[in-house]
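Structure first, commentary second.
The values are calculated or read from the model by the stated rules, or taken from the named source; none is laboratory data. These numbers were taken from a predicted model, which means no experiment stands behind them. Here the Cβ positions follow ideal geometry from the backbone for every residue, glycine too, while neighbour counts run over all protein chains shown. The area values use the complete protein model at the heavy-atom level, side chains included, leaving out ligands, DNA and RNA. Shrake-Rupley method; radii C 1.70, N 1.55, O 1.52, S 1.80 Å.
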Amino acid sequence: MDTENSSVTDFLLAGLTSQPELQIPLFFLFLGFYVVTVVGNLGLITLIGLNSHLHTPMYFFLYNLSFIDFCYSTVITPKMLMSFVSKKNIISYAGCMTQLFFFLFFVISESFILSAMAYDRYAAICNPLVYMATMSSQICLLLLLGVYVMGFVGAMAHTACMVRLTFCANNLVDHYMCDILPLLALSCTSTYVNELVVFIVVGIDTGVPTVTIFISYALILSSILHIHSTEGRSKAFSTCSSHIIAVSLFFGSGAFMYLKLSSLLSMNQGKVSSLFYTIVVPMLNPLIYSLRNKDVKIALKKTLSKVLFS
């Protein structure tokens with residue numbers, strides 16, 4: 001990254017808290033969260049890859065969701081853990097911009113992969129007879145390409161606008177990561193363009209997936225109400241409720257962080273909100289989307305049996 005527009009060559013990350021007695025307990029707490037996230041998501045990726053009966057559109061998107069969760073948790077958590085055990089958690093200017101880019105790339109990609117999964121469930125429940133034609137390999141690949149293209153475009157827009165700013169004497173980022181709003185607070189030049197980009201890009205990156213998910217689930221619920229079997233309704237409602245809870249956590253915390261005026265949002269509130277979609281959601285997704293799933297449980301038993309007997 002070019003540092004010509006800034007007299008700052010590195011930043012200090014303030015971390016989650018400044019209270020010394022909380023540093024070590026929080027370190028082990030979030031280390032545990034990260035281990036669960038890594039094991040859960042990599043385990044799910046491995047299961048889907050090794051079991052051919054899971055090579056369906058639903059698990060194709062779940063595979064990519066786990067990959068995205070693992071990546072953007074890894075972009076954030078290790079550096080956050082350093083803030084608990086280091087007196088000064090320093091990150092270079094180039095490192096900060098790189099972290100910002102990859103964090104935004106993966107978090108935007110997650111919002112669109114969730115909407116692709118909602119569309120997949122709509123196709124499976126509302127049009128089961130033409131499901132394989134609707135969700136063909138070509139369609140799935142095109143949807144996935146759209147997911148990553150939107151992630152790249154959004155991340156580039158934010159990062160390019162951030163690089164053009166000038167950062168002067170103050171280099172203390174009041175956060176545990178390089179995020180948009182804490183960095184904007186340090187700029188000694190106008191951030192009007194950046195704030196405009198935040199409202200437009202974040203509005204698109206949350207609005208389009210949210211509308212897609214809302215419409216998909218409205219149609220799904222309408223179809224569920226026409227199911228005569230109580231067991232069928234219960235199973236469908238259970239699947240929908242799990243997805244809606246995860247989506248609500250992800251989009252709710254993200255919207256709270258970015259769509260409120262920065263003057264009305266304290267950094268402490270922002271840190272807590274960020275914890276949900278950077279730490280909690282990637283950890284819970286394997287549980288929400290897979291461990292309650294019968295097919296995944298069967299695949300896990302088969303895989304463990306092969307490993308033990310071999």
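A compact table of results
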quantity: Dimensionless Rg over Rh [region 153-200; C-alpha; Kirkwood]; calculated: 0.94
quantity: Unit charges on C-beta of K, R, D, E only; dipole of the chain, Debye; calculated: 940
quantity: Relative compactness, the chain, computed as alpha-carbon Rg over 2.2 N^0.38 Å; calculated: 1.08
quantity: Options 273, 138, 161, ranked by Cα towards positive dipole end of the chain, top entry (Cβ charges); calculated: 138
quantity: Pairwise FRET efficiency - residue 223 versus residue 138, Cβ, R0 = 30 Å, nearest 0.05; calculated: 0.75
quantity: Global form of region 1-113, assessed from the alpha-carbon gyration tensor, a/c cut-off 1.5; calculated: oblate
quantity: Built amide H within the under 5 Å cut-off of residue 92, gap 5+; calculated: 11
quantity: Above-threshold pairs, the threshold being 26 Å between Cα atoms, out of 87/271; 88/271; 271/294; calculated: 271/294
quantity: Largest-first ellipsoid semi-axes for region 5-68, taking √(5λ) over the Cα gyration tensor eigenvalues, angstrom; calculated: 37, 19, 7
quantity: Value at 222 nm in deg cm²/dmol, rounded to 500, when DSSP H runs of n ≥ 4 in the chain each add -39,500 (n - 2.57); calculated: -25000 deg cm²/dmol
quantity: Residue-normalised accessible area of region 2-89, given per residue in Å² at a 1.4 Å probe; calculated: 48
quantity: For q = 0.17, 0.24 Å⁻¹, Debye-computed log10 I/I(0) when each Cα of region 72-149 counts as one equal scatterer; calculated: -0.74, -1.07
